[in-house]
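Structure, as C-alpha cells:
The values are calculated or read from the model by the stated rules, or taken from the named source; none is laboratory data. Computed from a prediction, not measured in an experiment: that's the story for all the values here. No Cβ is skipped: glycine too gets one built from the backbone with ideal geometry, and neighbour counts run over all protein chains shown. Side chains included, ligands, DNA and RNA excluded: accessible areas come from the protein's heavy atoms. Shrake-Rupley method; radii C 1.70, N 1.55, O 1.52, S 1.80 Å.
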Amino acid sequence: MTDQSPTVASATDTPTVIKQRPPRIFSGIQPTGQLHIGNYLGALKQWAQLQSKYDNFYCIVDMHAITIPQDPQELRESTRRNAALYLASGLDPKYCTIFVQSHVAAHAELGWILTCLTPLGWLNRMHQFKDKSAKMQAESISAGLYTYPTLMAADILLYQTDLVPVGDDQKQHVELTRDLAQRFNSMFGETFTLPDAMIPVSGARIMGLDTPNAKMSKSAIGEGHAITLLDSPEVIRKKMMRATTDSHREIKFSTDPERAGVNNLLTIYQAFTDEPGEAIEAHFEGKGYGDLKKTVAEAVIEGLAPLQSRYYELVKEGGAIDELLAKSAERAAEVAAQTLDLVRDRVGFIRLASKVKPS
Ligand code: AMP
Ligand code: TRP
C-alpha cells in the first residue's frame, strides 16, 4: 500500500540560472533531541537512496535550533551525533556536502537581507510559529523563532537549490522560500533558482508508538514514544511491546483511526523490510498482536544494526567527523559565496576594496 517514492509538490518554473551540474538538493535537520526511526525512514534513508542522482547539501541547522533555548553542551553533542548519524545512514561524502549551518556565515548574512524583504504578513501566516509559540510562555518566544522561515529560505537559496526533501509540515516554509525568491528576482533581477519541496508520500509518516494518531516526534516526552536510532535491541523490544494497539484482532493495513497503532507497526515493518503489503498481511494472518510486536521489533533491530555499527566505528575514529565537517563547510562556503556576492551587488552594498576586480 505504500509507494515510498517522493513526489515533487509543485510545478517547476524556468530555472533562473543555467546549470551544468546535476540538480541540487538541500535539506536540514535541527540538532535537538535524538533522531528516531521516523527521521530515518521519512528523511535519511530516502536521502541516501537519492544521493547519486543529485548534488546534495545536507545541513545540521544549529542556528535554527537556538530559536528555542538549548543547553550549549547538549547542542554540541547533538550536532556531532547527527553528523555521524547522517554518515551512518549511508550519506556518502562523495555525493553529499554534510555541514554545520553556523560554520558558513553566509546563512546569517543572507538571512538578514531576506528578513528585510519579508512582509510581516507572510510570517504571521506560518503554522509552525503559531504551533510552537502557542506552547510557550509569551516572554520566552524569541524574535528568532518568528523569523525562522527567512533563515530557512537563506539556507535553500544560497545553494541555488532545485529540490528540498522535507516532511509535509515544512511545505509552507518552502513555499515562502519560493515567494521570497520570486520577490527578490522581480525587484533586483534574476538571482535565485526557485526551489520545489519534495514531499514523501504518506507511507513515510511514522506515528508515535504511544500516540498512533500523532507523528513520532523528537520533542514528545513519553518514554515509549519513539525508537531512537541508537536504542539497544533490549530497549527496542521493550518499547515495541508497550506500543498502543486496539481491541480488534485482525492484522491489516488500515486507515481507520481506531486501528492506527496496528497500521503504524505494519508501516514500520514494511519500511524496514521492503516487503509488499499483501505479503505482510498474509504473513501475519491468524497471528496475535504479541507476535506482531515481536516480529516488528526484530525487523527494526536488524534494520538499524548496520547503521549502529557504522555509527560506533565513526565515533571511535574521534576527530574524523570534525575534519569532514571542516572540509564540507569549506565547499559549502565557496558555493554560498557565489550567490551572496551576487546578492550584495544586487541590493546595492559596495564591494570591499580588496574584492573589486581590476577592469
Ligand atoms: P524533524 O524531526 O521534525 O526536525 O524532521 C526532520 C526530518 O525528518 C524531516 O524531513 C521530516 O519530514 C522527517 N520526519 C520527522 N518525523 C517524522 C516521522 N514521524 N515520520 C516520517 N518522517 C519524519
Ligand atoms: N525547518 C526544518 C525542520 O524543522 C529544518 C530546516 C532548516 C530545513 N533549514 C532547512 C529543512 C532548509 C530544509 C531546508 O525540519
Requested in this report: Using the Karplus curve 6.51 cos²θ - 1.76 cosθ + 1.60 with θ = phi - 60°, work out ³J(HN,Hα) for each residue of segment 255-262 in order, rounded to whole Hz, and write x for Gly and Pro.
Outcome: 9, 5, x, 5, 9, 4, x, 5
Query - chymotrypsin sites (Phe, Trp or Tyr not before Pro) restricted to segment 273-359 and DSSP loop, no more than 16 other C-beta within 10 Å - result: Phe349
Query - Peptides 89-95, 27-33 ordered by average Cβ neighbours within 10 Å, highest first - result: 27-33, 89-95
Report summary line: Taking placed amide H atoms and a strict 5 Å upper bound, the residues 5 or more places from Thr97 or on another chain that come that close are Asn56, Phe57, Tyr58
Report summary line: Looks like the chain, by Cα gyration tensor root eigenvalues a ≥ b ≥ c and the a/c under 1.5 rounded cutoff (else prolate when a/b is bigger than b/c, oblate otherwise), is prolate
Requested in this report: For helix 72-88, report the angle its Cα long axis makes with the longest principal axis of the Cα atoms of the chain; keep it between 0 and 90° and round to the nearest 10°.
Outcome: 70 degrees
Requested in this report: Collect residues whose amide H, placed 1.01 Å from N in the peptide plane, falls under 5 Å from the amide H of Gly28; neighbours closer than 5 in sequence don't count.
Outcome: Cys59
Query raised in the report: Within the chain, what is the longest stretch that has no GluC sites (Glu not before Pro) placed in a DSSP loop and near at most 15 other beta-carbon atoms within 10 Å?
Result: 1-189
Query raised in the report: If you add up the charges near Met187, with Lys and Arg at +1 and Asp and Glu at -1, over every other residue whose beta carbon is less than 14 angstrom from its beta carbon, what do you get?
Result: -1
Report task. About the Cα centre of segment 194-275, how large is the charge dipole given +1 on each Lys and Arg Cβ and -1 on each Asp and Glu Cβ? Please answer in debye to the nearest 20. Result -> 180 debye
Query raised in the report: Between Leu117 and Asn213, what length in nm is gained on full extension when 0.36 nm per residue of separation is reduced by their alpha carbon distance?
Result: 30.7 nm
Query - Set Lys135/Lys293; Lys238/Lys287; Lys53/Lys218; Lys171/Lys293; Lys132/Lys218; Lys132/Lys239 screened for pairs whose C-alpha atoms are more than 25 Å apart - result: Lys135/Lys293; Lys53/Lys218; Lys171/Lys293; Lys132/Lys239
Query raised in the report: For the chain, with only Lys/Arg (+1) and Asp/Glu (-1) charged at the beta-carbon, what is the dipole magnitude about the Cα centre, in debye rounded to 20?
Result: 640 debye
Requested in this report: Report the one residue of Ile236, Ala299, Phe284 whose Cα lies farthest in the direction of the positive end of the charge dipole of segment 233-315 (charges on C-beta: Lys and Arg +1, Asp and Glu -1; origin at the Cα centre).
Outcome: Ile236
Report summary line: Sorting Ala353, Phe272, Leu314 by the position of each Cα along the dipole of segment 216-359 (Lys, Arg +1; Asp, Glu -1; all at Cβ), the one nearest the positive end of that ordering is Ala353
Query raised in the report: How much accessible surface does Val356 have with a 1.4 Å probe, in Å² rounded to 10?
Result: 80 Å²
Report task. Under 1.5 on a/c is rounded, so check that first for segment 233-315, then, if it is not, pick prolate when a/b is larger than b/c and oblate when it is not; a ≥ b ≥ c are the square roots of the alpha carbon gyration tensor eigenvalues. Result -> prolate
